[in-house]
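The values are calculated or read from the model by the stated rules, or taken from the named source; none is laboratory data. Predicted model only: the values in this text are computed from it and were never measured. Here the Cβ is made from the backbone with ideal geometry for all residues, glycine too, and neighbour counts use every protein chain on show.
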Amino acid sequence: MKAIDNKELILALEELEKEKGIKKEELLDSIRTALITAYKRNFDALENVDVKMDEQTGATHVFAIKEVMERANDDALEISLEEARKINKDLNIGDSVEVEIVPRDFGRIAAQTAKQVIIQKLRETERNLIFNEYNERKGEIVSGIIQKADKNIVVMDLGKLEGIMLQKDQIPTENYHVNDKIKGYVVDVERGEKGVPQAVVSRTHPDFVRKLLEFEIPEIYEGLIEIKSVSRDPGLRSKVAVYSQNENIDPVGSCVGQKGIRIQNVINELHGEKIDVIEWNPDPSIFIASALLPAQIMAVDIKEEEKFAQVIVPDDQLSLAIGKAGQNARLAAKLTNWKIDIKSETQFREMLAKKAEEGNIAESK
């Protein structure tokens, strides 16, 4: 029986392998699987069928797989021993045999199916390339045009794919509008609906500030200054701890820049978010005191094992050290990764007096 021939298909698959890197064997296997499904759908077939394709010529053979019986009771699934041995004289009852069939109009169906599979594979390959490209860009800053904006989600056009910015990744003090161009930090790359890749973008992530500083300050980019940690209250304030092993480099001054020009570019990108640049120090008491700037610190008593610090400040510095709604203390704690308890000088003296009184009472008993 004559098979369905398609040499043009093989030439097209070979061209795709060269241009797109999609293996010819992989495409043929996908087409073969799709042809089995297409055959069953178009011919309401009850048979167990298999499709084989010649990798050189594209010739397509359709086979019904039948069980060898003494007598065939179901022609769709069975074949008599007598008929089976006309195909292969070594067959016995219980064996399976492939009986080639050439369904009417199957050549047209095969061509349509092959085209659909190729288009699908091309889309998958393109999506995989985009996914891999942006997956390598995790932790980088990207720019995009806003396509959709509401409180729940901002959708950005990043060129080859969409970026999504969920509510938690949106700075509360910012307003987003369609057609605005904005920057964001790539937190992750996911496969969305139908496998279409999309980037998860954030403007609230602490590393967004880190990357903006790296972009603005060559010494950070070149590794001369290291950002040790970042803590943020997005839209309101950030604290950044910086350090340089080179004694000739002032890490804070380099980051702030002459007349504050360098840090101002980052502040402008964050629409006015204040940024405190602090020099990191290996001595936790010095680092904690710096982290609580602009408040003046009298003393820092640390408990290393508990990573707990008791900080004493002048009475008139208490509210500044704690900050509005506890912001300064909270950001300092995040920056240093220490628990910080702040007391004024008066509060501390009262605490000591109370402890002394309690000690005297205990002794008298």
Exercise. Could you tell me which numbered condition ASP150 fails, if it satisfies all but one of (1) in contact with a strand residue (DSSP E or B) (Cβ under 9 Å, 6 or more places away or on another chain); (2) free of Cβ contacts under 8 Å to residues at least 40 places away in the same chain?
Key: (1)
Practice problem: Could you tell me whether the range 153-164 includes any residue that is β-branched (Val, Ile, Thr) and within 23 Å of LYS274 (Cα to Cα)? | Solution: no
Practice problem: Select from the range 295-316 the residues that are part of a strand (DSSP E or B) and not aliphatic (A, V, I, L, M) and write down the one among them that is surrounded by the most Cβ atoms within 10 Å (Cβ to Cβ). | Solution: GLN310
Quiz item: Here are some residues: LEU46, LEU27. Which one is modelled with pLDDT under 75 and either in the same structural domain as LYS115 (by TED's automatic domain parsing) or over 22 Å from PRO103 (Cβ atoms) (or both)?
Solution: LEU46
Practice problem: Run SER319 past the list (1) more than 20 Å from ASP341 (Cβ to Cβ); (2) surrounded by fewer than 19 Cβ atoms within 10 Å (Cβ to Cβ) and report the number of the one that doesn't hold. | Solution: (1)
Practice problem: Keeping to the range 55-73, report how many residues are more than 15 Å from ARG108 (Cα to Cα) and in contact (Cβ under 8 Å) with a residue 12 or more places away in the chain. | Solution: 11
Quiz prompt | Set LEU213, LEU236: member being in contact (Cβ under 8 Å) with a residue 60 or more places away in the chain and within 30 Å of ALA149 (Cα to Cα) | solution = LEU236
Practice problem: Would you check if ILE322 is modelled with pLDDT of 90 or more and either among the β-branched types (Val, Ile, Thr) or closer than 30 Å to PRO234 by Cβ (or both)? | Solution: yes
Quiz item: So which of GLU98, GLU78, GLU83 is surrounded by 14 or more Cβ atoms within 10 Å (Cβ to Cβ), within 20 Å of THR33 (Cβ to Cβ) and charged (D, E, K, R)?
Solution: GLU98
Practice problem: Using the structure shown, decide if LEU166 is of a type outside the set (Lys, Arg) and crowded, with 17+ Cβ neighbours inside 10 Å. | Solution: no
Quiz prompt | Residues that are more than 22 Å from GLN327 (Cα to Cα) and either touching a Phe, Trp or Tyr at 6+ places or on another chain (Cβ under 9 Å) or not in a helix (DSSP H, G or I) (or both), drawn from the range 233-262 | solution = TYR243, SER244, GLN245, ASN246, GLU247, ASN248, ILE249, ASP250, PRO251, GLY257
Self-check item: From the options ALA325, ALA332, residue that is surrounded by fewer than 17 Cβ atoms within 10 Å (Cβ to Cβ) and in a helix (DSSP H, G or I)
Solution: ALA325
Self-check item: Filter result for LYS160 (closer than 21 Å to GLY195 by Cβ, surrounded by fewer than 15 Cβ atoms within 10 Å (Cβ to Cβ) and touching a Phe, Trp or Tyr at 6+ places or on another chain (Cβ under 8 Å))
Solution: yes
Self-check item: Hey, LYS228 farther than 21 Å from MET156 by Cβ, modelled with pLDDT of 95 or more and either in a helix (DSSP H, G or I) or out of contact with any Lys or Arg (no Cβ under 9 Å at 6 or more places or on another chain) (or both) or not
Solution: yes
